[in-house]
Amino acid sequence: MLFKNKISKLLVMGILLISLLVGCSSGGKGETSSSDINGNGNNGPKEINTDELIYVNFRDIRDLNPHIYGGELFAQNLLFEGLVMITDEGIQPWLAKDWDISDDGRTYTFHIRQGVTFSDGHKFDAHAVEANMQAVYDNYDRHGWLESIRLLDSFSAIDEYTFEMKLKEPYYPLLTELAVTRPFRFISPNCFINGTTKDGVDGLIGTGKYVLTENHIDQYAIFDVNPTYWGEKPEISRIIAKVIPDNQIRALALEKGEIDIIFGTNMIDAETYLEFSQKEGFAASLSNPLATRMLIMNSTDEILSDVNVRQAINAAINKEEISEGIFNGLETPANRLLARTVPYCDVDLEDYIYSLDKANSLLEEAGWKMNETTGIREKDGMPLDVQMHYNADSVTEKTISEYLQGEMMEIGLKLTITGEEEQSYRDRMKAGDFSITFNISWGTPYDPHSFLGGMRMPAVYGDYAAQQGLKEVKKLHDTILKAFISTDEIQRQAYYDYILTYLHEEAIYVPLTFERNRAIYNEKVKNVTFNPSQYEVPLDKMYIK
């Protein structure tokens, strides 16, 4: 297949340096200048340890304060716990042994598990919960994108082991937001600075299964089992998280036995996954579809303000070819914003189908006429030239951009692509300074509510800015909130029907593929599974045999 050959050549031109949706943070105390986990000048232990796992990440763990968004999620998840957890069976107890919800859906009463301490010995009780909740609320401006924060009316420790939250309105996703890795995880109050955490923390002490014992910045971090953990201890007593930014070097390190596992969609390209799935001595695992990889188009752009142009671009993209040519079928084509399997998203929509005839017809209808000399359409003397930005650190985004640049010429649209360093790229997206850029839904368990809720707030991602040219943008955002606070399942579904139908018809988004999480690992690593949240790595469930 010519396209696959072209893509293969493009893929070797870059290095995969992809972030996991949100950033990471400084390892805190315990930093040394040693270059080796044993202090002997090499890159790691030479002997195989049956209760030790060597994990790899593309960057340092950075600031693991659980109340902000800078740290690596896999590391925060090892150290800190929440009141509840998300499992394949739904929301389950964690540091709260059970809870009650009032009939009006506005009061949640949590009964705190007794006998739990932070790893520094500080007692975990309702007062520790209240102190942490206050620390999160102190940073309201940082967390205001969360409906659970905006709808929070009051909270308090009723007694030593009873904690109560009152909401201004019912909010059905509250337990989900309390369960995800941040910001509602608990850190010892002994780590607070000036009674809060918004300006940093003085230590990284949680109630979790592991404690951070060493962090050698940009080299590796060591997590040892928490000796005072209240629950069942994991089989792996030590996790060493190495830092290897380069995709090819990571794969080589796995092959040579220097690391045990590579985990994550953005850590493993499709070719590497397929290679190790067939390599003797190694294994590979693939999750169910998790999130939607997509493009987002700015409706305030002079050209893209016309829905016919946006629909034409949707029709001109061959998702099947992207799925097979770039992802070797690991990511399936997406013809709608959120998969039917996402709660409330099994909505009757007419899927966008690849059709150059339809794309050309829509552009003609919009008044864009082909210039036979240049091959680029024009209208009122203006060429059909659209700017597209991508993360230059992402081989995948670069490859898709270059492919689309060629494909858009088939309908007379000049796609000018520009790659930027990751932080600049994200800053541009949040500021709304783009015509077309990449986007992704938040995946399980955040879809649909967190993904849609983020659309209502400026500077969360690019959604808010991109939607400002829509005629019904206020109604759209108001309806999103109505869906969240509705206690009537039938009415809530009706709200979601409108939201998803309107976004689909307005064609602000171009769904490309449904992402699936992936892992490749030495066959000695057992029970490699996937949590409902794609951003968590269930290292605590694995063992070595």
Estimated FRET transfer efficiency when R0 is 51 angstrom, pair THR300-ILE490 (beta carbons, to 0.05)
0.90
Can you spot the lysines whose alpha carbon is less than 27 Å from LYS256's alpha carbon? Ignore those fewer than 8 places along the same chain.
LYS9, LYS46, LYS242, LYS279, LYS524, LYS526, LYS541, LYS545
Counting alpha carbon pairs within less than 8 Å and at least 6 residues apart, what relative contact order, in whole percent, applies to the chain?
20 percent
Cut-off is 10 Å between beta-carbons; in what order do LEU174, LEU363 appear when sorted fewest neighbours first?
LEU174, LEU363
Förster-model FRET efficiency, 56 Å R0, VAL243 and THR341, C-beta, rounded to 0.05:
0.95
Might you report the magnitude of the Cβ-based charge dipole of the chain about its Cα centre, with Lys and Arg at +1 and Asp and Glu at -1, to the nearest 20 debye?
440 debye
Cα-based convex hull volume of the range 430-545 per residue, rounded to whole Å³
145 Å³
Inter-part gap, Cα centre of the range 152-223 to Cα centre of the range 341-401, in whole angstrom, is 43 Å
Percent relative contact order for the range 290-516, counting Cα pairs under 8 Å at least six residues apart, stands at 36 percent
Rounded to whole Hz and in sequence order, give me ³J(HN,Hα) for the range 139-151 from the Karplus expression 6.51 cos²θ - 1.76 cosθ + 1.60, θ = phi - 60°, writing x for Gly and Pro.
9, 3, 4, 6, 9, x, 6, 7, 4, 5, 6, 5, 8
Taking every alpha carbon pair in the range 226-304, what does the distance histogram look like in 5 angstrom bins from 0, in percent?
3, 10, 18, 14, 12, 13, 10, 8, 5, 3, 3, 1, 0
Tell me, what ³J(HN,Hα) does each residue in the range 432-448 have, in order and in whole Hz, if you take phi through Karplus 6.51 cos²θ - 1.76 cosθ + 1.60 with θ = phi - 60° and put x for Gly and Pro?
x, 8, 7, 9, 10, 8, 7, 8, 8, 5, 7, x, 5, x, 7, 8, x
What share of the DSSP beta bridges in the range 290-516 is antiparallel, in percent to the nearest 5?
65 percent
Straight-line reach from LYS369: which lysines have a Cα under 18 Å away, not including same-chain ones fewer than 8 places off?
LYS358, LYS379, LYS414
Restricting to aspartates and glutamates and to Cα separations under 13 Å from LYS482, and discarding same-chain partners fewer than 8 apart, the set is GLU147, GLU169, ASP497
The range 284-343 - Kirkwood radius from inverse mean 1/r over Cα pairs (Å):
13.5 Å
Beta bridges per DSSP with both ends in the chain, % antiparallel, nearest 5:
80 percent
Cα-centred dipole magnitude for the range 84-201, charges only on beta-carbon of K, R (+1) and D, E (-1), debye, nearest 20:
340 debye
Taking the convex hull of the Cα atoms, report for the range 84-201 its projected area averaged over all directions, in nm².
7.4 nm²
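Bear in mind these aren't lab numbers, they're just calculated from the coordinates by the rules spelled out. In this text, all values refer to a predicted model and were calculated from it rather than measured experimentally. Positions of Cβ are generated from backbone atoms using ideal geometry, with glycine treated the same way; all protein chains shown enter the neighbour counts.
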